[in-house]
Amino acid sequence: MKKLLLTLLTLLAWAGVHAAEVSVTFDFSKTDANGKVYGFIPSTNYIDDNATISEGEVSILIKKNGGNGARFYNSNPVTFRLNNKGSITITAPSTLKKVVLDGSGLNAIKTANGYDGNGTWTAAQGQDITSLTLTNSEKTTGNKPSNITLILNKLTVTYEAPGAPAPDPVDAGLSFGDVTEFTCDINEGFTAPELTKDTTAPVSYSSSNTAVASVDPTTGAITLYGLGTTTITATTEATEGFLAGSASYTLKVTDKNMPYVGLITDCDWTLHDPTGNNIWMWSNGTSLTEAALIGSCIDFGTLNALETTATATSPVIDLTNYWDADLTFRHSTDGGFNGNMAQFAKLYVKPEGGEFEPVAIHDQLPADDGGSKNFVTASVSLSKYAGKKIEARFEISNQGDNAGEWRINRFIVKAKPIVAGTVEAEIPSDAPATYYNLQGQPVAAPSHGYFIMVQANKATKIYVK
């Protein structure tokens, strides 16, 4: 839609240019009161060399160039005839835009830049000339010259109106298309999307994070260097007809071989219950059930007749230096939701500075059939929140007729870190860091090999001797 709008604006701008043009027509078939056409009596005689005829502010210089030249021929109606080698030079008071010849023998004109061979010459974009010469070239058939006479009934000249105000510049029309977010694997490379533009100005490309990817400033070709996210921007400077322009896309560079590292395994929850009846609580478990965070709408007397919503909110989960993340948790129910658990038990995620957004888990809910409260595992991608701080929230609702119980445990967030680089390191005994092997498993005392060190929420790939 954006591209269509830009195109329409461009067309409107060009329409404004054409509205400031003047067209003049030489009609060679009309004679004046004295029987003359542009001051010449139609006959079989040729016009003198270097003769000039005019219409309005446009003139035509007629030259023989060693040939017979031209004449106004009384062929009922009168026509202007330009013979072999002859030429006409059309001069306008300002920039020529188009010349249209009406007649026959139009292919006799020597090929000129912008002439289509069928009677029309059109100025190229940006071409600024006030004079144009068209020549009847000598054609050859075999080894003999073949003369073709250019016979014209009319000749129309269109030129830019002198002193016409320049049209307002329009949008440069830069676009990388409808898709502006891309993900690629560092092991496979990346082909940049094609840039389209309306402007004639050259394009300059830049990358916001050259540690992730650099871009050729002229061609836009991408070279990958590390994991993370960068914004690639194309810009053009303003020209006489176009405004300065820019377009950008986001590139996320990942590594399919990079392991996940653990960030959170269970946590302290902030519980909110507008009724004060402990709808959410932590249970240490019994011989029949595991320890879990429990959201329950049962055993609260008159609560079952109320409509209420209670929440359990996680602490802030910092994904700032991670490019991918997953959340897994296990949950069960006692079957008291009457088959409507998806309506009453929900998960939300809130990015820092944003609002809580629903996360679809309806296809991963435990069987709400009054069974044995067996736990099932749900898995949620947090990829869209990579690079941000988030909170997770479980919500349970009571609508007065359900008495369901939702048990949740083993809440785990794992993420793939943005690795700063590979360094050779000695591990001090008091280093405040967590270490993982390349399979994402925690390592208490790394030695002899490659590991991921997460320290101050920054990950580094290290080699330990």
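Based on what the data block shows, is residue 256 under 27 Å from residue 320 (Cα atoms), open to solvent by 50 Å² or more (accessible area, probe 1.4 Å) and either under 16 Å from the mean Cα position of the chain (by Cα) or at pLDDT below 90 (or both)?
yes
I'd like to check something: does the stretch 220-233 contain any residue that is part of a strand (DSSP E or B), open to solvent by less than 50 Å² (accessible area, probe 1.4 Å) and on the phi > 0 side of the Ramachandran plot?
yes
Being under 13 Å from residue 197 (Cβ atoms) and part of a loop (DSSP other than H, G, I, E, B) is the filter here, so list the residues in the stretch 239-258 that pass it.
Selection gives 239, 241, 243, 244.
Just to be sure, is residue 449 exposed (fewer than 13 other Cβ atoms within 10 Å of the Cβ), within 39 Å of the chain's Cα centre (by Cα) and either at pLDDT below 75 or under 30 Å from residue 274 (Cβ atoms) (or both)?
no
When the stretch 333-349 is examined, which residues are found to be modelled with pLDDT under 85 and either of a type in the set (Ser, Thr, Tyr) or in a strand (DSSP E or B) (or both)?
Across the stretch 333-349, the qualifying residue is only 333.
In this structure, is residue 30 open to solvent by 40 Å² or more (accessible area, probe 1.4 Å), assigned to a loop (DSSP other than H, G, I, E, B), of a type in the set (D, E, K, R) and at negative phi?
Yes: the conditions hold for residue 30.
Which one is modelled with the highest pLDDT among residues in the stretch 391-407 that are aliphatic (A, V, I, L, M) and crowded, with 22+ Cβ neighbours inside 10 Å?
Here the answer is 392.
Output the number of residues of the stretch 162-214 satisfying the condition of being touching a strand residue (DSSP E or B) at 6+ places or on another chain (Cβ under 8 Å) and closer than 30 Å to residue 417 by Cβ.
Qualifying residue count, the stretch 162-214: 24.
Failed condition for residue 154, given (1) within 54 Å of the chain's Cα centre (by Cα); (2) modelled with pLDDT of 95 or more; (3) open to solvent by less than 70 Å² (accessible area, probe 1.4 Å); (4) within 17 Å of residue 29 (Cα to Cα), with all others met?
It is condition (3) that residue 154 fails.
Quick check: anything in the stretch 208-222 closer than 30 Å to residue 91 by Cα, touching a Ser or Thr at 6+ places or on another chain (Cβ under 8 Å) and either in contact (Cβ under 8 Å) with a residue 12 or more places away in the chain or of a type in the set (Lys, Arg) (or both)?
No: the stretch 208-222 contains no residue that is closer than 30 Å to residue 91 by Cα, touching a Ser or Thr at 6+ places or on another chain (Cβ under 8 Å) and either in contact (Cβ under 8 Å) with a residue 12 or more places away in the chain or of a type in the set (Lys, Arg) (or both).
I want to confirm something. Restricting to the stretch 102-129 and keeping residues that are in contact with a Lys or Arg (Cβ under 8 Å, 6 or more places away or on another chain) and assigned to a strand (DSSP E or B), which single residue is surrounded by the most Cβ atoms within 10 Å (Cβ to Cβ)?
Top of the filtered list is 121.
At pLDDT 90 or above and either surrounded by 14 or more Cβ atoms within 10 Å (Cβ to Cβ) or in contact with a Cys (Cβ under 9 Å, 6 or more places away or on another chain) (or both): does that describe residue 368?
Answer is no for this residue.
Can you name the residue in the stretch 264-322 that is in contact with a Gly (Cβ under 8 Å, 6 or more places away or on another chain) and assigned to a strand (DSSP E or B) and is also modelled with the highest pLDDT among such residues?
Residue satisfying both the conditions and the ranking: 312.
Of everything in the stretch 323-332, what is open to solvent by less than 40 Å² (accessible area, probe 1.4 Å) and either in a loop (DSSP other than H, G, I, E, B) or within 13 Å of residue 361 (Cβ to Cβ) (or both)? Give them in sequence order.
327, 329, 331
For the stretch 179-196, which positions are charged (D, E, K, R) and at pLDDT 95 or above?
Listed by number, the list holds a single entry, 194.
Restricting attention to the stretch 431-446, which residues are open to solvent by less than 20 Å² (accessible area, probe 1.4 Å) and at pLDDT below 75?
Result: 440, single match.
What are the residues in the stretch 170-192 that are of a type outside the set (S, T, N, Q), open to solvent by 60 Å² or more (accessible area, probe 1.4 Å) and touching a residue at least 12 places away in the same chain (Cβ under 8 Å), if any?
Correct list: 171, 179, 181.
Mind counting the residues in the stretch 410-429 that are open to solvent by 10 Å² or more (accessible area, probe 1.4 Å) and at pLDDT 85 or above?
3
The values are calculated or read from the model by the stated rules, or taken from the named source; none is laboratory data. Keep in mind the model is a prediction, meaning the values are calculated, not measured. Neighbour counts run over all protein chains shown; Cβ positions are idealised from the backbone, glycine included. What goes into the accessible areas is simple: the full protein's heavy atoms, side chains included, and nothing from ligands, DNA or RNA. Shrake-Rupley method; radii C 1.70, N 1.55, O 1.52, S 1.80 Å.
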